[in-house]
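To start, the structure itself, in structure tokens.
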């Protein structure tokens with residue numbers, strides 16, 4: 001898929017995030033938007049998956065360790081065809097399969113998550129399982145930068161580095177903000193890249209919103225042998241929605257009707273620009 | 001039997017893993033730097049490629065087990081009960097219980113029979129913690145025969161299972177040709193009509209000893225062995241309570257949330273009966289030999305006998 005098409009899909013994913021959290025009157029749009037491009041890249045380009053057969057055995061696996069950004073994952077899965085896009089507006093509602101955090105009943109979800117620090121361990125276990133079974137699939141997991149404050153992340157990193165799980169790709173969404181404020185004012189996990197290097201990871205720093213950069217980073221990860229890769233993705237929280245960008249307030253708050261209209265107008269403008277780019 | 005055969009259930013666990021390895025090729029065993037103590041080392045020696053030492057990092061180990069199960073492996077995860085059920089509770093709940101994964105937890109060194117290590121390592125809360133997780137099977141075998149049977153049953157069962165093993169050698173009591181094991185089924189190991197003693201783990205042997213002592217006093221005690229605390233064999237307990245009208249529970253665990261609580265939950269709803277719960281009475285343990293501790297806290301045959309007498313008085 002070319003970059004223009006990826007950008008269009010990413011903008012759809014962003015619209016899905018805004019629409020679903022608005023309908024739910026709850027949820028986490030900020031960190032979903034910062035990761036919208038990587039969700040798009042993984043599901044539309046990078047991973048070996050089949051929306052018609054979500055559990056096919058040789059599929060690549062994805063674990064959303066930062067499970068609160070489920071709206072981003074769900075939107076990517078919906079636009080990729082795992083379930084109807086219309087269902088996104090049932091997010092977080094009683095009776096919906098689109099639970100507040102990912103669970104096992106959602107087509108395309110490989111692991112329940114939401115309690116921070118745990119997804120990376122499950123991803124490491126999947127990667128080890130792949131190695132033991134001499135299987136070809138790769139395992140991807142997305143972590144928040146605030147999540148790195150959880151000790152379990154480093155237990156898992158030590159394990160994956162030691163076990164040389166080169167079929168594992170850890171992605172850190174470094175948007176710099178957590179609930180209580182900037183991560184370097186709460187309990188700084190910096191330097192993130194040097195920490196993962198010290199845990200025997202191959203580390204790549206990348207612009208989270210540049211598809212060429214993502215493309216080459218994931219290629220490099222695939223080609224890296226003998227150690228897992230960590231892609232530290234420098235992102236903008238709330239990316240794409242003017243009033244959410246770089247704002248800590250939009251970590252876990254849904255847009256009201258008025259804000260929803262502004263957000264959708266922002267994204268419509270991006271669509272227009274992408275249309276022009278395509279001509 | 002002239003010689004009383006004794007073996008610690010952790011030893012039975014290690015032996016069972018090794019014995020079942022060929023039959024269950026997907027079985028892998030995880031440990032957190034305690035393979036020598038949990039006895040998964042027995043498996044490790046025979047199948048080094050299928051033993052994964054995760055280091056001293058129990059939280060990660062639970063997640064790794066979850067991930068392995070999602071690739072078709074059947075992981076048996078081991079540590080001391082304190083760390084498997086205690087430290088990693090939330091990982092077990094959220095990464096294994098909630099997604100209902102096919103992970104088996106073999107937790108050794110449960111209860112005060114840990115002995116000399118003292119209260120920090122004597123987990124009297126694991127049954128309570130594990131019982132609260134929806135879909136979790138909780139077992140506590142009473143001897144070598146039952147421990148091995150429980151390991152096999154766990155491997156044959158699809159879904160999360162917690163099995164509690166002990167450190168101290170305990171008497172083999174189920175070595176008989178007609179012994180059968182089924183998850184969720186209790187056993188009447190001694191029939192009686194005056195009082196029911198429901199016991200789990202090493203409490204079963206103590207209950208049998210107490211029943212013999214009670215017999216001399218003209219008290220005919222029924223003894224029920226409950227290996228599977230969840231799901232509980234409610235029919236068996238209700239039927240016995242109906243017959244005897246008095247129930248005593250015995251466990252090497254806190255009386256809060258363990259077997260005693262499970263029995264009370266059941267009887268309150270189905271057959272209201274006076275119950276006396278023997279176990280750790282909302283206190284921490286301490287250092288000492290296993291036998292001395294079991295005696296001090298009234299969980300040996302003599303202690304159970306005294307408590308039953310007092311209860312019936």
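Applying 1/(1 + (r/R0)^6) with r as the Cβ-Cβ distance of residue A:5 and residue A:210 and R0 = 22 angstrom yields a FRET efficiency of 0.90. The Cα atoms of chain B cover 57, 40, 40 Å along the three principal axes, with the biggest extent listed first. Neighbour counts of other Cβ atoms within 10 Å put A:136, A:8, B:277 in the fewest-to-most order A:136, A:8, B:277. Given contacts defined as C-alpha pairs under 8 Å and at least six residues apart, what's the relative contact order of the stretch A:208-279, whole-number percent? About 20 percent, as a whole number. Sort the stretch B:187-312 into rounded, prolate or oblate with this rule: let a ≥ b ≥ c be the square roots of the eigenvalues of the Cα gyration tensor; rounded if a/c is under 1.5, and if a/c is not under 1.5, prolate when a/b is larger than b/c, oblate otherwise. Cα axes put the stretch B:187-312 in the oblate bin.
Counting neighbouring Cβ atoms within 10 Å and putting the fewest first, the residues B:69, A:113 line up as B:69, A:113. Pairs of alpha carbons in the stretch B:103-220 separated by more than 26 Å make up 25% of all such pairs. Summary value for the stretch A:3-278: 24 percent relative contact order, contacts being C-alpha pairs under 8 angstrom separated by 6+ residues.
Rounded to the nearest 500, the helix-only mean residue ellipticity at 222 nm of chain B stands at -10000 deg cm²/dmol, with each DSSP H run of n ≥ 4 adding -39,500 (n - 2.57).
Going by C-beta contacts inside 10 Å, put A:158, B:136, A:1 in order with the fewest on the left.
Ascending Cβ contact count within 10 Å gives the list A:1, A:158, B:136.
Restricting to bridges with both residues inside chain B, how much of the DSSP beta-bridge set is antiparallel, in percent to the nearest 5? Given both bridge residues lie in chain B, the antiparallel proportion sits at roughly 20 percent.
Peptide A:113-123 has a mean shielding of 6, counted as Cβ atoms of other protein chains within 10 Å of each residue's Cβ.
Between rounded, prolate and oblate, where does the stretch B:6-171 land on the alpha carbon gyration tensor, with a ≥ b ≥ c its root eigenvalues, rounded for a/c under 1.5, else prolate if a/b exceeds b/c? It is rounded, given that a/c, with a ≥ b ≥ c, falls under 1.5. DSSP beta bridges fully contained in chain A are about 10 percent antiparallel. Rounded, prolate or oblate: pick one for the stretch B:252-313, where a ≥ b ≥ c are the square roots of the eigenvalues of its C-alpha gyration tensor, a/c under 1.5 means rounded, and failing that, prolate if a/b is larger than b/c, else oblate. In terms of gyration-tensor shape, oblate. For chain A, a Gaussian network of Cα nodes joined below 10 Å ranks A:129, A:176, A:240 by mean-square fluctuation, and the top entry is A:129. Its relative contact order, with pairs defined as Cα atoms under 8 Å and 6+ residues apart, puts the stretch B:187-312 at 29 percent.
Extension gain, residue A:50-residue A:194: 0.36 nm per intervening residue step, less the Cα-Cα distance, totals 48.3 nm. From helices alone, chain A scores -13000 deg cm²/dmol at 222 nm; the rule is -39500 (n - 2.57) for each run of n ≥ 4 DSSP H residues, then divide by the residue total.
Ordered from longest to shortest, the equivalent ellipsoid semi-axes for the protein assembly as shown are 52, 25, 20 Å, each the square root of 5 times a Cα gyration tensor eigenvalue. Counting only DSSP beta bridges with both residues in the stretch B:6-171, the antiparallel share comes to about 10 percent.
Read-outs: derived from the displayed coordinates by stated rules, not from any lab. Note that the structure is a prediction, hence the values are computed from the model and not measured. All Cβ positions, even for glycine, are placed from backbone atoms using ideal geometry, and neighbour counts span all protein chains on display.
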